[in-house]
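> Please read through the structure below; I'll follow up with questions.
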Amino acid sequence: MKDGVQAWGVGRNFSSREEDVVALVDVSLSLTWGQFVVVQGPSGCGKSTLLNLLGLLDRPSVGRLNIAGVPVHELSEGGRARLRRAEIGYLFQDAGLIERMRAIDNVEAPLAYRGVPRGQRRATAEAALRELGLSHRLRALTDTLSGGERQRVGLARILAQRPRLIICDEPTASLDEANSRLVAARLMQLAEEGALVVCASHDPIVIELAQRRIELSHGRLKTIADGPP
Ligand SMILES: Nc1ncnc2c1ncn2[C@@H]1O[C@H](COP(=O)(O)OP(=O)(O)O)[C@@H](O)[C@H]1O
Ligand SMILES: [Mg+2]
């Protein structure tokens, strides 16, 4: 299997008529499948910018980036979209669910893009939701779910899709402790099962599980270390 994620000299600037923001400068790193990686640093240091680049939601201003052996800086928009759908799962602070849609449909809908046969989609989605303790909420509309339930639906979507790269931006920031522990433990388990999980967080519950920590400061890589602090 081609290696996880490599970046060489990656930078990102945001330029407008009013200002030029240097959000990320000269980031080089190499992350392999099967790691739980936590990205740390104060607000505004570039965590989300880095995750958006690694998750192919944004393009670097400079530098090169490989995902699963593919030089993604060379891909067309279509090629990037295909790689996103085939390999990458996302979990944000707000689960990013489709509103006024049932929990089960939120998990099931993206499976079509992953090539899961129609006959298996419902059962796969249902199993993922049950595993996260949502058997009684399968048919609930997302608007009626609590914050913890919403995030578990977002996580169920990842469990059902089994992406190789999982990008999480402050996934426990609006959760209570029990839900934070559940989400963090399940992300860790996905890494143990072979996924590369890259998670921006200041939550001690998440940080103590880190196998690698990337610390950013003013858009620059400050440290990369193995294990929790
Ligand atoms: N789309 C954008 N346009 C202009 N500036 C941005 C944009 N996105 C992020 N920034 C700036 O880049 C810096 C890093 O932001 P971000 O990656 O969101 O930090 P973090 O996630 O660590 O809080 C900040 O100064 C932020 O204001
Ligand atoms: Mg952020």
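The values are calculated or read from the model by the stated rules, or taken from the named source; none is laboratory data. It should be emphasised that the depicted structure is a prediction, and the values quoted were computed from it without experimental measurement. Neighbour counts run over all protein chains shown; Cβ positions are idealised from the backbone, glycine included.
> In region 168-182, which residue that is without any contact (Cβ under 8 Å) to a residue 60 or more places away in the chain and farther than 22 Å from residue 53 by Cα is surrounded by the most Cβ atoms within 10 Å (Cβ to Cβ)?
In this case the residue turns out to be 175.
> So which pairs qualify, if the first residue must be in region 45-74 and hydroxyl-bearing (Ser, Thr, Tyr), the second must be within 16 Å of ligand 2 (Cβ to nearest atom) and at pLDDT 95 or above, the Cβ gap must be under 6 Å, and the two must be at least 6 apart or on different chains?
Listed by first residue and then by second, the contacts come to 48/169; 49/12; 49/23; 49/24; 61/12.
> Could you please find all residues in region 188-201 being under 15 Å from the mean Cα position of the chain (by Cα) and not in a helix (DSSP H, G or I)?
194, 195, 196, 197, 198, 199, 200, 201
> Can you spot a residue in region 3-23 that is within 16 Å of ligand 1 (Cβ to nearest atom), acidic (Asp, Glu), part of a strand (DSSP E or B) and modelled with pLDDT of 95 or more?
No; the residues of region 3-23 include none that is within 16 Å of ligand 1 (Cβ to nearest atom), acidic (Asp, Glu), part of a strand (DSSP E or B) and modelled with pLDDT of 95 or more.
> Return the residue satisfying two criteria in turn: it lies in region 28-55 and is within 16 Å of ligand 1 (Cβ to nearest atom), assigned to a loop (DSSP other than H, G, I, E, B) and out of contact with any Ser or Thr (no Cβ under 7 Å at 6 or more places or on another chain), and of such residues it is nearest to residue 220 (Cα to Cα).
Here the answer is 46.
> Continuing with the same structure: Being on the phi < 0 side of the Ramachandran plot, of a type in the set (A, V, I, L, M), part of a helix (DSSP H, G or I) and modelled with pLDDT of 95 or more narrows it down to one residue among 129, 65; which is it?
129
> Please find, within region 15-37, the residue that is farthest from ligand 2 (Cβ to nearest atom) out of those that are over 25 Å from residue 190 (Cβ atoms) and loosely packed, with under 13 Cβ neighbours inside 10 Å.
17
> Out of 186, 139, 122, 152, report the one residue that is under 24 Å from residue 31 (Cα atoms) and either of a type in the set (A, V, I, L, M, F, W, C) or free of Cβ contacts under 8 Å to residues at least 60 places away in the same chain (or both).
186
> With respect to residue 4, determine if the residue is within 30 Å of residue 144 (Cα to Cα), small (Gly, Ala, Ser) and surrounded by 13 or more Cβ atoms within 10 Å (Cβ to Cβ).
no
> Could you count how many residues in region 85-126 are farther than 24 Å from residue 178 by Cα and assigned to a helix (DSSP H, G or I)?
16
> Could you tell me whether residue 106 is more than 16 Å from ligand 1 (Cβ to nearest atom), in contact (Cβ under 8 Å) with a residue 40 or more places away in the chain and within 23 Å of residue 191 (Cβ to Cβ)?
no
> Sort through 56, 65 and tell me the only one that's out of contact with any Gly (no Cβ under 9 Å at 6 or more places or on another chain), away from ligand 2 (no atom under 16 Å from the Cβ), hydrophobic (A, V, I, L, M, F, W, C) and more than 21 Å from residue 162 (Cβ to Cβ).
65
> Based on what the data block shows, is residue 82 within 27 Å of residue 191 (Cα to Cα), away from ligand 2 (no atom under 15 Å from the Cβ), at pLDDT below 95 and not in a strand (DSSP E or B)?
Considered against the rule, which asks whether it is within 27 Å of residue 191 (Cα to Cα), away from ligand 2 (no atom under 15 Å from the Cβ), at pLDDT below 95 and not in a strand (DSSP E or B), residue 82 comes out as yes.
> If you check residue 86 against the conditions, is it away from ligand 1 (no atom under 16 Å from the Cβ), under 15 Å from the mean Cα position of the chain (by Cα) and surrounded by 20 or more Cβ atoms within 10 Å (Cβ to Cβ)?
no
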